[in-house]
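A.B. asks: One structure, as structure tokens, below. Some questions next.
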Amino acid sequence: MPRLVLALGLLGLVGCASNSHLALESAPPVLPVLPVESSAVLDIVEDHESSKSQSTGALPRSTADNSVQPVGHNDAVQTVPPVGPAPSGTLMIDGHEYQLQRVKPQSEPAHVVTASHSLAAFQNEGSFNSPIEQILPVPLSDEDGAVVIDDPYTTVDSTDFASNTIDLNLPSALAMVGGDHPAVGFAQWRVREAYAQLERAEVLWLPSIQTGFSFHRHDGNYQASDGTIVDVNRNSFQYGLGTGATGAGTTPRPGLVAQFHLADTLFQPKIAKKTAWARGHAAKAVLNTQMLHAALAYNELLDAHQDARIIEESRSRTADLSKITSDFAQAGEGLQADADRMRTELTLIDNRMIAASERIALASARLAQAISIDASSQILPMDVAAVPIELITAQSDKSSLIGTGLAMRPELKESQALVAAACEAFKREKYSPFVPSVLLGYSTGGFGGGLGNNLDNVDGRYDFDALMSWEVRNLGFGERAARRESFAQVQQAKFEKLRVMDQVALEISEAYSRVEFRRQQMEITQQAIQTAEKSYQANSERIHDGEGLPIEVLQAVQALESAQRAYLRAVIEHNQGQFRLQWALGWPVSAPANGVSAM
């Protein structure tokens, strides 16, 4: 008789799921199947009169009212213990197995206090108008006792980011590299510093103005100009242009004074000008380098997003294949080991999705640093797909590109300017013993003094001083050492220029070769994608036609994912090679009219 009760209960459940009103009219009310923990079971309630209703085949009702009794979970506060052995059975719905067990209910409807996740029973017919919660499978255990979860895998969405996102394309990213960038701003201010030093070098010959006042007092012995020692108390006072005059001497600190080495006035402006040129080229090199970093970082971010999309597509294919493999295993047409392998493959893909999400976050942070914006902002590339960019055509000759780079690179121009500055510094040391140092001074103002504490006879005073002197340092040995030092600096600058030339040629050659070989890789990987798609379609059709096992399609899925990722990487490295080549050439940007290849 329990089997009959269970069968009628299942018929009522099916009717309730398809049409709730028809189920109320045609069948007695039944309990919905509820999700429970792995240690819980579903309790079917019957009354004390169940033995009497077995002969008529009617499902027993509660004697108290016609409402459906609430379902008690094992985590309920109050439950009704079963009397005697409780028959049990199993229920299969959509491939999921449920354990069923009947218990003896109370004669009166008992109020069962359940946990927060319990589903309350319907109290009247109007309750059927509310939506029914989703029925979840009960976790079951496999033969080894391990808990088998229905679908623990969740797809990582590469577009699920924080709300503070920034949509950015490549031209906008390059345009954001300007004077506000720390590296670029620092280099530009170094240029301004160099031109300020040039202005100072150009006015070395102009006099300086010194104004103020001075007071001097002497008490005690003093040696007169005739050599005698006298005891005198005196004081003096001076104000105006020039200070410090005492006695009959000239003003030691003239009001207008020009003091310089003639060699400095001739050569220091030239040295400062060449140095300012070098700083300007260095600032341009810093700007080019930061633009390269921004372009590479943007391509890395685009690569990360596209790679995550490829992995998501591969997971979707693998998930479908895993379901088919599991169905084959349940139907006895395949091995459970194959189903387990497919679930393992799904787990590994989820792991790759996590790594792809991490890569997206890191690439976004690097791009934010490259263009100097808030690193907490998540940057989303506006490009829907990575396509090959042609800034330098395939017909360009490597030797001509190297010539262009040697003429355009700011680093090489900086080296040339530094060589010129070193040559001017050598000339300065070479001619300095033959040109004089000049001192011109002019003072005017009031001067007065007297004996003791008297300050009288204050009147105007004028002093003019002019002198020229030649210096040979350290008996000529210092001059020779200075010339040898400056000559060594000239040679260092020349060899640094040669090193930069070799470096420029190497960078152009490497970037050119990288672009050429990435073009070949794109062609090969495109063919690999086509053959992998054909293999995947053919194997899928075989499985749907009942030929072979679903596990045989796994290799085709993996091959398609590998081909797509290889093509994506070839495109990204090709584009990065194009930008590296542009940087190595000094950013001439001689792009074709279409700008982007449709390869």
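The values are calculated or read from the model by the stated rules, or taken from the named source; none is laboratory data. Every value quoted in this text rests on a predicted model; they were computed, and no experiment measured them. Using ideal geometry, Cβ is built from the backbone for each residue, glycine included, and neighbour counts are taken over all protein chains shown. These accessible areas exclude ligands, DNA and RNA; they are computed on the full protein's heavy atoms, side chains included. Shrake-Rupley method; radii C 1.70, N 1.55, O 1.52, S 1.80 Å.
A.B. asks: Out of all the residues in the stretch 320-346, which are of a type in the set (Val, Ile, Thr) and either over 15 Å from Ile543 (Cβ atoms) or open to solvent by 60 Å² or more (accessible area, probe 1.4 Å) (or both)?
C.D. replies: Result: Thr344, single match.
A.B. asks: Can you pull out the residues in the stretch 198-247 that are under 17 Å from Gly441 (Cα atoms) and either assigned to a loop (DSSP other than H, G, I, E, B) or at pLDDT below 85 (or both)?
C.D. replies: Val203, Leu204, Trp205, Leu206, Pro207, Gln210, Gly244, Ala245, Thr246
A.B. asks: Among Met501, Met468, which is open to solvent by 30 Å² or more (accessible area, probe 1.4 Å) and closer than 30 Å to Gln578 by Cα?
C.D. replies: Only one candidate qualifies: Met501.
A.B. asks: Give the residue, chosen from Ser432, Ser415, Ser399, that is open to solvent by 50 Å² or more (accessible area, probe 1.4 Å), at pLDDT 90 or above and either in contact with a helix residue (DSSP H, G or I) (Cβ under 9 Å, 6 or more places away or on another chain) or over 30 Å from Ala482 (Cα atoms) (or both).
C.D. replies: Ser399 is the lone residue from the list that is open to solvent by 50 Å² or more (accessible area, probe 1.4 Å), at pLDDT 90 or above and either in contact with a helix residue (DSSP H, G or I) (Cβ under 9 Å, 6 or more places away or on another chain) or over 30 Å from Ala482 (Cα atoms) (or both).
A.B. asks: Quick one: which of Ile379, Ile349, Ile311 is open to solvent by less than 70 Å² (accessible area, probe 1.4 Å) and under 30 Å from Ala183 (Cα atoms)?
C.D. replies: After ruling out the rest, the residue left standing is Ile379.
A.B. asks: Same structure, new question: Please find, within the stretch 179-201, the residue that is farthest from His293 (Cα to Cα) out of those that are open to solvent by less than 40 Å² (accessible area, probe 1.4 Å) and touching a residue at least 40 places away in the same chain (Cβ under 8 Å).
C.D. replies: Ala201
A.B. asks: Mind checking which residues of the stretch 502-535 are over 28 Å from the mean Cα position of the chain (by Cα), within 30 Å of Ser415 (Cβ to Cβ) and either basic (Lys, Arg) or assigned to a loop (DSSP other than H, G, I, E, B) (or both)?
C.D. replies: Within the stretch 502-535, none qualify.
A.B. asks: What pairs can you find where one residue is in the stretch 517-536 and in contact (Cβ under 8 Å) with a residue 40 or more places away in the chain and surrounded by 14 or more Cβ atoms within 10 Å (Cβ to Cβ), the other is among the acidic types (Asp, Glu) and part of a helix (DSSP H, G or I), and their Cβ atoms are less than 7 Å apart, with a gap of 6+ or different chains?
C.D. replies: Taking only residues 6 or more apart or on different chains, the pairs are Arg518/Glu573.
A.B. asks: Residue check: is Ala538 of a type in the set (A, V, I, L, M, F, W, C), closer than 30 Å to Thr275 by Cα and assigned to a helix (DSSP H, G or I)?
C.D. replies: no
A.B. asks: Out of Gly247, Gly255, report the one residue that is open to solvent by less than 30 Å² (accessible area, probe 1.4 Å) and either of a type outside the set (S, T, N, Q) or touching a residue at least 40 places away in the same chain (Cβ under 8 Å) (or both).
C.D. replies: The unique qualifying residue is Gly255.
A.B. asks: Related question: Identify the single condition in (1) open to solvent by less than 30 Å² (accessible area, probe 1.4 Å); (2) assigned to a strand (DSSP E or B) that Leu439 does not satisfy, given that it satisfies every other one.
C.D. replies: Going through the list (1) open to solvent by less than 30 Å² (accessible area, probe 1.4 Å); (2) assigned to a strand (DSSP E or B), Leu439 breaks only (1).
A.B. asks: Could you please give the count of residues in the stretch 168-227 that are over 30 Å from the mean Cα position of the chain (by Cα) and not acidic (Asp, Glu)?
C.D. replies: Qualifying residue count, the stretch 168-227: 31.
A.B. asks: Take the residues in the stretch 258-290 that are aromatic (Phe, Trp, Tyr) and in a helix (DSSP H, G or I); name whichever of them is most open to solvent (accessible area, probe 1.4 Å).
C.D. replies: Here the answer is Trp277.
A.B. asks: Report whether or not His293 is surrounded by fewer than 21 Cβ atoms within 10 Å (Cβ to Cβ), within 32 Å of the chain's Cα centre (by Cα) and of a type outside the set (A, V, I, L, M, F, W, C).
C.D. replies: yes
A.B. asks: Being charged (D, E, K, R) and in contact with a Ser or Thr (Cβ under 8 Å, 6 or more places away or on another chain) is the filter here; which residues of the stretch 354-404 pass it?
C.D. replies: Correct list: Glu390, Lys398.
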